[in-house]
Amino acid sequence: MRAKIDLSKGSIVKNLLSLAWPMMLAFVLQTGFNIVDAIFVGRLSAMALAAVSLTFPVVFLMISLASGIGVGTTSLIARLFGAKKYEETNIVAEHAYIIAIVFSLLFSFSGLLFAKPLFRFVGATDELMPLVLGYSNIIFLGSIFMFTGFISNSILRGEGDMKTPMKMMIIATIVNIILDPIMIFGFWFFPAMGISGAALATVIARIIGCMIALKHIFSGKSSFRIKLRKFKFKFQIIKDIFSVGIPTSLSQSAMSLGLFFMTKIVSLFGPFAIAAYGLGFRLDAVAVMPAIGLATAVITIVGFNVGAKKLERAKKTAWIGAVLAFIFMEAVGFIFFIMPAPLIRLFNSNANVILYGTSYLRIVALSYGFIGISIVVGAAFQGAGKGYPAFVLAVLRLFVISIPLAYFLAVRSGFGVNGIWWAISISTVAAAIVAAIWFKIGTWKKGNHLEEVPEAVSV
């Protein structure tokens, strides 16, 4: 048993792009889940679209928890492959599945129990609440498949297999696209389920994607040989996964919590502003796909090279990845900047939603490149086994800068909704600058018990 590719050798750019492009496509398709839902739900009404927008922070929290555990798993497995400790990767995978199952059950139970007061806090009115609950309860019930699917993909990424997760997302997205209109509007013997149909279509698609990933891992096609019947619990492995996974989950959960508060501020300006903010966030999610694809590759490559004691190569990987992410995302941001109204009209034709959504893209889109820097640099820390910088950067961006500034500009200074959009943009640039300085200082090298050795580095 060994890693499918030796990431401590060869061109860094080639390794980055060869690992990143499948993940870019996979994450674009994953985001397609939300985009497709928004397009079809937007055909129902602006109120239905606002209801889905209100649920998105909670859905994002679920994704944050699952991806945090996944990042910790990927980082640890990649470092073990780099250190040629192949048998230990199987044990890590087994523990990751146990964590995923426990977290998914806790999330489902808590979500179903506290959904109503939670969404009431975010800003759901009596009119919106039935729509919100009709969507969110189905998502909560299907969370185990989302958690398990995330972990399966993270295990595969740890060995450098990016194509299997891509294939899983292609199939799942196709299923979602087919089922969405059928279950939302009704067709043949399927009844029209409205907003609940969108949630059910998403859960079914995730179930199918999860089954594909599990079949690949347990059929012996991967490098892993998982034998759950011989499972022996080892707390140190949980600790190692959580050392990266918990701060990563906290950083992404902080983003979810930040979405709660930002949505609360936006809700002061009515349901059309909420709908526009939800659409803007979904378009942001499309824009960050190049950076997330590169970040996923950076976690694996940096982790592999830290395990192999090639710290100089790990450092160059981080900087090259950050530059590529900036270029790709700024290009997407420019496209969004010059054609905002047509993009918003894809989802909803309401004049107020278009007005608010257009101003969002005109103000926020050109800061996308800086989001790319933050994401990739944070991923480099994670690959090196340091999860806490991403959490600190998320808190800085959201709770120290973005949310207070949004309230001040929008409410106290009278800039209205545009003040919220400017706060988002300013906080993004500031966080990227802090991230770059922090990584350059070199704290990511400390505490991993590896000595940096001179090496020839191919770019």
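Things to note:
- Hz values of 3J(HN,Hα) by residue in region 90-96 - Karplus curve (6.51, -1.76, 1.60), Gly and Pro given as x: 4, 5, 4, 4, 4, 5, 4
- Relative contact order, whole percent, for the chain stands at 24, derived from Cα pairs under 8 Å and 6 or more residues apart.
- Along region 189-195 the Karplus relation, 6.51 cos²θ - 1.76 cosθ + 1.60 evaluated at θ = phi - 60°, assigns HN-Hα couplings of 8, 7, x, 6, 9, x, 5 Hz to successive residues, with x for each Gly and Pro.
- The order of I77, I265, going from fewest to most other C-beta atoms within 10 Å of their C-beta, is I265, I77.
- Peptides 102-114, 357-369 ranked from most to least packed by the mean count of surrounding Cβ atoms within 10 Å: 357-369, 102-114.
- In this structure the amide hydrogen of F190, modeled in the peptide plane, comes within under 5 Å of no amide hydrogen from residues 5 or more places off or on another chain.
- Estimated FRET transfer efficiency (F399, S219; beta-carbon r; R0 30 Å; 0.05): 0.10
- Fewest-first ordering of K84, K232, K310, K445 by other beta carbons within 10 Å of each residue's beta carbon gives K232, K84, K445, K310.
- Relative to the longest principal axis of the Cα atoms of the chain, the long axis of helix 289-307 makes an angle of roughly 20 degrees.
- For the chain, the mean residue ellipticity at 222 nm estimated from helices alone is -26500 deg cm²/dmol, where every DSSP H run of n ≥ 4 contributes -39500 (n - 2.57) and the total is divided by all residues, rounded to the nearest 500.
- For the chain, size of Cβ-based charge dipole, Lys and Arg +1, Asp and Glu -1, in debye: 1180
- Global form of region 206-351, assessed from the alpha-carbon gyration tensor, a/c cut-off 1.5: prolate
- Extents of the chain, taken as max minus min of Cα coordinates on every principal axis and listed largest first, are 59, 51, 34 Å.
- The protection proxy used here, the mean number of other Cβ atoms lying within 10 Å of each residue, ranks peptides 407-414, 179-186, 250-257 as follows, highest first: 250-257, 179-186, 407-414.
Read-outs throughout are calculated quantities, based only on the coordinates presented, and are distinct from any laboratory measurement. Just so it is clear, the structure is predicted and the values come from calculations on it, not from any experiment. In this analysis, Cβ positions are derived from the backbone assuming ideal geometry, glycine residues included, and neighbour counts consider all displayed protein chains.
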